[in-house]
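The values are calculated or read from the model by the stated rules, or taken from the named source; none is laboratory data. Predicted model, so just to flag it, every value in this text is computed and none were measured. So basically every Cβ, Gly included, is an ideal-geometry build from the backbone, and we count neighbours across all protein chains shown.
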Amino acid sequence: MALSDEEIVLQPLLKLPKTKSNHSSIELESVLSDTEMPYFKRLRRATWIESKLLCRLAAPAVVVYMINYLMSMSTQIFSGQLGNLELAAASLGNTGIQLFAYGLMVNSYQ
């Protein structure tokens with residue numbers, strides 16, 4: 001059975017089994033392929049679905065960066081009470097540790 005050009009264009013790129021992990025992807029594909037819905041309503045719904053997917057992926061990184069920032073900020077607040085030299089030492093120490101940690105993460109992916 002030969003498919004017309006329009007039917008080929010409207011087919012999803014990936015045929016994945018329906019599981020909980022790719023439910024949003026299937027939902028996004030169905031919203032984008034629904035030509036009866038007005039364009040801006042489709043765009044709004046697709047943006048909402050894509051935002052949910054991105055938040056699920058980015059949330060752990062955001063939490064790690066916030067904790068890292070709060071730890072270095074609290075260290076600098078406490079060492080700032082001791083004096084200028086101690087504040088400078090704590091700031092350099094935090095920067096050195098962060099660079100070392102990021103270097104470990106980069107080297108682990110290569």
Quick test for you: out of SER91, SER51, pick the one residue that is out of contact with any strand residue (DSSP E or B) (no Cβ under 8 Å at 6 or more places or on another chain), of a type in the set (Ser, Thr, Tyr), under 30 Å from GLU29 (Cβ atoms) and surrounded by 10 or more Cβ atoms within 10 Å (Cβ to Cβ).
SER51
Can you spot a residue in the range 17-37 that is farther than 30 Å from TYR102 by Cα, of a type outside the set (Lys, Arg), at pLDDT 85 or above and surrounded by fewer than 12 Cβ atoms within 10 Å (Cβ to Cβ)?
yes
When both residues are 6+ apart or on different chains and their Cβ atoms are under 6 Å apart, which pairs have a first residue that lies in the range 29-49 and is touching a residue at least 24 places away in the same chain (Cβ under 8 Å), and a second that is surrounded by 12 or more Cβ atoms within 10 Å (Cβ to Cβ) and in a helix (DSSP H, G or I)?
ILE49/SER24; ILE49/GLU27; ILE49/LEU28
Can you spot a residue in the range 57-64 that is small (Gly, Ala, Ser), closer than 30 Å to ILE26 by Cα and surrounded by fewer than 10 Cβ atoms within 10 Å (Cβ to Cβ)?
yes
